[in-house]
Amino acid sequence: MIDFYLNGQRQQCTDVSPDTSVLELLRIRLGKNGTKEGCASGDCGACTVSIGQPDGHDGLNYHSANACIMPAHQINGCHLVTVEGLARGDALHPAQAAMVDCHASQCGFCTPGIVMSLFTLHHAQQTHPAPLTQQRLEAALGGNLCRCTGYRPIRDAALSMQNHPDTHPVWADDPDLANNVQSLYRDATKSSAGSRSHESLGHFDSPRDIVALRELRRQRPASRLVAGATDLWLEVTQQLKPLDDLIDLHQVAELTAIDATPEGWWIGAAVTYSRLEPLLAKHFPAFAHLMHRFASSQIRNRATLGGNVANASPIGDCPPVLLALDAKLMLDGPEGEREIPIADFFLDYRQTALEEGEFIRAIFLPRPGDDQHLKVWKLSKRREDDISVVLGAFAWRMENGLMRDVHFAFGGMAAIPRRAPSAEAALEGQPPTENAFAVAKAALRNEFQPLSDVRGSSEYRLVAASNLLERLRLSLDVDVNTNAEVCLDAYAH
């Protein structure tokens, strides 16, 4: 059973198959058709809803999510808000009123999702007041596609929400709602085994700790693991495959922790990008900037670093950065845990070092030294929220004008994300001169044989990767006499 609140009203849905999405639950089971299906892959944002969960104090935090690729069972114990739950009779919520006044809708298909993104933004502004900067606005709307109106009136609507009467939903008047959701959330998460769907429909288990997860993996090693579902769920929506045996990781305590050590950070495999962003922004700003290149806020609120690694895609955006940073993985399973360098994890296309029943427990990011540098550049058809054609991650440090500990890694250049050892060796201990980089570029061309596909030919990828090395060289103007480094590239990340 899925026990949750929908627009302030408690709902209890039984006999829900494991591969039912929140969108299906809303439209088919509950008759809430305001939430639309557009792309069915989390790209267009027409299906955006807002999820309320306990904030650790006395209230609820709301985050936006794509209902089309979110497992329905994951809203157990939450407060789900849809576009039907915003207006107060004929009085519109500020997000809706601003969209009307600014003529920010034409065909209207994308509008409910945009309104829900604006609702989440408005709620965040009300509970944690802060200036609505261009960056914050772009982050809020980056996952919503509009092909009719254009974004100027939508932007105007976002900026003018605060000028409208604070008409809040009817459910916001309920003083007990937050306490009721918190109580329901505690009840939903107190069992170590979690919820299970009806046996005739399949299994959906939500373990709460590592011991329960190990036991489930021992019993059902062929079960599929799901955290954010932002990639896995495309098997349902795009390939029409059934997913009838799932183990949900997003509430396993050990997998959702970030543990700091003097040497670095162990990041639980089920930590979302939204939670990870502050740490990256402080210690790895180039990595943090990448977050806004490959995913929208709806995706970052659900997707996990562990999922991006376990997916083992040759064009996954985070693995090359982790390779360049010399990250480690902690693997776990019925036989216990073990650590391996991430460079040993990727074996071949979509093949990893995970043994039967194993899962990624955590990713270790070494603490950067004061003299360590990192640059990450991604080439894609769209600037944001798109799949990489080539991604280059470059880590090094400077010592007396020479490059040391040179680590270069690429995505989109092979069947797996890979380091470039020959190019690294060409620059190790060398000054970043044109001649040294010319040798590195020649070495790079000899150690990769990328495939051609609809995003780019093999030759394009080779040229692009070489050009990223040239970009790195041009971004560094080193005065050998003073060892002073000047960043010439204003858009360094």
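The values are calculated or read from the model by the stated rules, or taken from the named source; none is laboratory data. All of these numbers come straight from a predicted model, not from anything done at the bench. Positions of Cβ are backbone-derived with ideal geometry, glycine not excepted, and every protein chain shown enters the neighbour counts. Accessible surface is based on the protein model in full, side chains and every heavy atom, while ligands, DNA and RNA are left aside. Shrake-Rupley method; radii C 1.70, N 1.55, O 1.52, S 1.80 Å.
A few notes on this one:
- Number of the exception - ARG382 against (1) part of a loop (DSSP other than H, G, I, E, B); (2) farther than 25 Å from LEU472 by Cβ: (2)
- Residues satisfying the criterion are absent from region 121-128 (criterion: open to solvent by less than 20 Å² (accessible area, probe 1.4 Å), within 23 Å of SER21 (Cα to Cα) and either of a type outside the set (S, T, N, Q) or in the same structural domain as SER41 (by TED's automatic domain parsing) (or both)).
- Cβ-Cβ contacts under 9 Å between residues 6 or more apart (or on different chains), taken from a first residue in region 124-140 that is among the polar types (S, T, N, Q) to a second residue that is surrounded by fewer than 13 Cβ atoms within 10 Å (Cβ to Cβ), are listed as GLN126/ASP166.
- Scanning region 447-476 for residues that are β-branched (Val, Ile, Thr) and at pLDDT 95 or above yields a count of 1.
- Looking across region 437-457, the residues that are open to solvent by less than 30 Å² (accessible area, probe 1.4 Å) and over 15 Å from TRP396 (Cα atoms) come down to ALA443, LEU444, GLU447, PHE448, PRO450, GLY456.
- Test: residue in region 117-138 that is part of a loop (DSSP other than H, G, I, E, B), closer than 16 Å to ASP43 by Cα and under 24 Å from the mean Cα position of the chain (by Cα): no
- TRP265, sole failed condition from (1) at pLDDT below 95; (2) in a strand (DSSP E or B); (3) not charged (D, E, K, R): (1)
- Considering the conditions (1) open to solvent by 40 Å² or more (accessible area, probe 1.4 Å); (2) in contact with a Cys (Cβ under 7 Å, 6 or more places away or on another chain); (3) of a type in the set (S, T, N, Q), GLN239 is excluded by exactly one of them, (2).
- Filter result for LEU177 (in contact (Cβ under 8 Å) with a residue 24 or more places away in the chain and within 19 Å of VAL22 (Cα to Cα)): no
- If you check HIS103, HIS63 for being in contact (Cβ under 8 Å) with a residue 40 or more places away in the chain, open to solvent by 10 Å² or more (accessible area, probe 1.4 Å) and closer than 24 Å to SER296 by Cα, only one passes: HIS63.
- Listed by position, the strands (runs of 3 or more DSSP E) inside region 1-90 whose residues that are hydroxyl-bearing (Ser, Thr, Tyr) number at least 2 are 48-54, 60-66.
- Taking the listed residues LEU255, LEU201, LEU225, LEU216, the one that is touching a Leu at 6+ places or on another chain (Cβ under 8 Å) and either open to solvent by less than 40 Å² (accessible area, probe 1.4 Å) or modelled with pLDDT under 95 (or both) is LEU255, with no other qualifying.
- Enumeration of residues in region 27-40 that are open to solvent by 10 Å² or more (accessible area, probe 1.4 Å) and at negative phi: ARG27, ILE28, ARG29, LEU30, LYS32, ASN33, GLY34, LYS36, GLU37, GLY38, CYS39
- Tally of residues being of a type in the set (A, V, I, L, M, F, W, C), under 13 Å from GLN372 (Cα atoms) and open to solvent by 10 Å² or more (accessible area, probe 1.4 Å) across region 384-423: 2
Each row is one residue, and each column tells you yes or no for (1) at pLDDT 95 or above; (2) open to solvent by less than 20 Å² (accessible area, probe 1.4 Å); (3) among the small types (Gly, Ala, Ser).
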{"site": "GLY8", "(1), (2), (3)": "yes, yes, yes"}
{"site": "THR14", "(1), (2), (3)": "no, no, no"}
{"site": "LEU25", "(1), (2), (3)": "yes, yes, no"}
{"site": "GLY42", "(1), (2), (3)": "no, yes, yes"}
{"site": "ALA46", "(1), (2), (3)": "yes, yes, yes"}
{"site": "ALA67", "(1), (2), (3)": "yes, yes, yes"}
{"site": "VAL81", "(1), (2), (3)": "yes, yes, no"}
{"site": "ASP90", "(1), (2), (3)": "no, no, no"}
{"site": "ALA95", "(1), (2), (3)": "yes, yes, yes"}
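- Checked against (1) of a type in the set (A, V, I, L, M, F, W, C); (2) touching a residue at least 12 places away in the same chain (Cβ under 8 Å); (3) outside any helix (DSSP H, G or I), VAL454 passes all but condition (2).
- Inside region 106-116, residues that are of a type outside the set (S, T, N, Q), open to solvent by less than 70 Å² (accessible area, probe 1.4 Å) and either assigned to a loop (DSSP other than H, G, I, E, B) or within 11 Å of ILE154 (Cα to Cα) (or both) make up a count of 4.
- Just one of the listed residues (ARG147, ARG186, ARG155) is touching a Leu at 6+ places or on another chain (Cβ under 9 Å) and either modelled with pLDDT under 95 or open to solvent by 90 Å² or more (accessible area, probe 1.4 Å) (or both), namely ARG155.
- ALA288 part of a loop (DSSP other than H, G, I, E, B), among the aliphatic types (A, V, I, L, M) and open to solvent by less than 40 Å² (accessible area, probe 1.4 Å): no
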